[in-house]
Amino acid sequence: DSVAAFRSWIAAEYGGVDLLINNAGFAYQGKSEHVPFHVQALETVGINFFGTLRISNALIPLLRPHARIGKVASMAGISAMNSLDDEKLTRIRDPAMSEATLCEFMREFVDAAAKGDVQAQGWPDNSYGVSKLGVMAVRCKQ
C-alpha cells in the first residue's frame, strides 16, 4: 500500500520521474548470531531485492523519456556471484532470464536458508551478497 501511495503522490506532485536510484542497503552486522540465518536471508532478500523490485516496477511507468535508472549493488553481489555453483552461475548469467525466473531464483536461496543448507545447495552463506546479486540481475523495462 505504501508503494502505491508513494507512486500516486509522485505522479500528482511531480508528474513523473527523472532519476530512479535503487539503493536499498539493509544488512545484518557481522555474523549476527542472535538472528538465525534463515531470518537474515528472508529479511535481507525481502528488503534489498524484492523491495527494490517492487518500487522500481511501480515507478518505471512514471519515468520521463530522458530518465535514467541507477542501481547500487555493492561488491558483495560480485562476491556472491563468484561463490555460486556452476548451475546457478549459468542461470544468473542468462541474459534471457525473466523477472519471474529471477524472483524464483531468489526464493530458492531463501528456501535453502530455511532448510539450513545454502552451501550444500551451491549458494554462498551471505544473504546481503545474494540480495545484491539479485539487484544486479534485474533487467529494467522502460
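The values are calculated or read from the model by the stated rules, or taken from the named source; none is laboratory data. Bear in mind that the values here come from a model prediction, so they are computed numbers and not experimental data. Virtual Cβ from ideal backbone geometry, glycine too; neighbours counted across all protein chains shown. Side chains included, ligands, DNA and RNA excluded: accessible areas come from the protein's heavy atoms. Shrake-Rupley method; radii C 1.70, N 1.55, O 1.52, S 1.80 Å.
Quick notes on this structure:
- Accessible area expressed per residue, segment 1-70, with surrounding protein chains retained (probe 1.4 Å, Å²): 60
- Nearby aspartates and glutamates by direct alpha-carbon distance to Lys88 (threshold 19 angstrom, same-chain neighbours under 8 apart not counted): Glu99, Glu104, Glu108, Asp111, Asp117, Asp125
- Between Val72 and Ala12, the FRET efficiency estimated from the beta carbon spacing at R0 = 41 angstrom works out to 0.90.
- Near Met97, once Lys and Arg are set to +1 and Asp and Glu to -1 for all other residues with Cβ below 11 Å from its Cβ, the sum equals 0.
- Between Arg91 and Arg64, residue separation times 0.36 nm minus the direct Cα-Cα distance comes to 6.5 nm.
- Mean Cβ count within 10 Å, highest first, over the residues of peptides 12-21, 105-114, 130-139: 130-139, 105-114, 12-21
- Principal-axis analysis of the Cα atoms of the chain puts helix 127-137 at an angle of about 50° to the longest axis.
- Once all protein chains are placed together, Trp123 keeps about 10 Å² accessible to a 1.4 angstrom probe.
- Relative contact order for segment 12-62, counting Cα pairs under 8 Å that sit 6 or more residues apart, in percent: 55
- Taking the chain and dividing mean pair separation by its residue count, relative contact order in percent (alpha carbons under 8 Å, at least six apart): 36
- The residues packed around Gly25, meaning those with a beta-carbon under 15 Å from its beta-carbon, carry a net charge of +1 if Lys and Arg are +1 and Asp and Glu are -1.
- Cα centroid separation - segment 32-46 against segment 121-138, whole Å: 13
- Computed 3J(HN,Hα) for segment 36-51, one whole-Hz value per residue from the Karplus formula 6.51 cos²θ - 1.76 cosθ + 1.60 where θ = phi - 60°, is x, 4, 5, 6, 4, 5, 4, 6, 5, 5, x, 7, 6, 9, 5, x, glycine and proline marked x.
- Judged by the mean number of other Cβ atoms found within 10 Å, the most tightly packed of the peptides 76-86, 94-104 leads the ranking 76-86, 94-104.
- Shown here for segment 25-88: GluC sites (Glu not before Pro) in loop regions (DSSP other than H, G, I, E, B) with at most 16 other Cβ atoms within 10 Å, namely Glu33.
- Rounded to whole Hz, the Karplus (6.51, -1.76, 1.60) HN-Hα couplings of segment 93-103, x for glycine and proline: 7, 5, x, 8, 4, 7, 4, 4, 5, 5, 4
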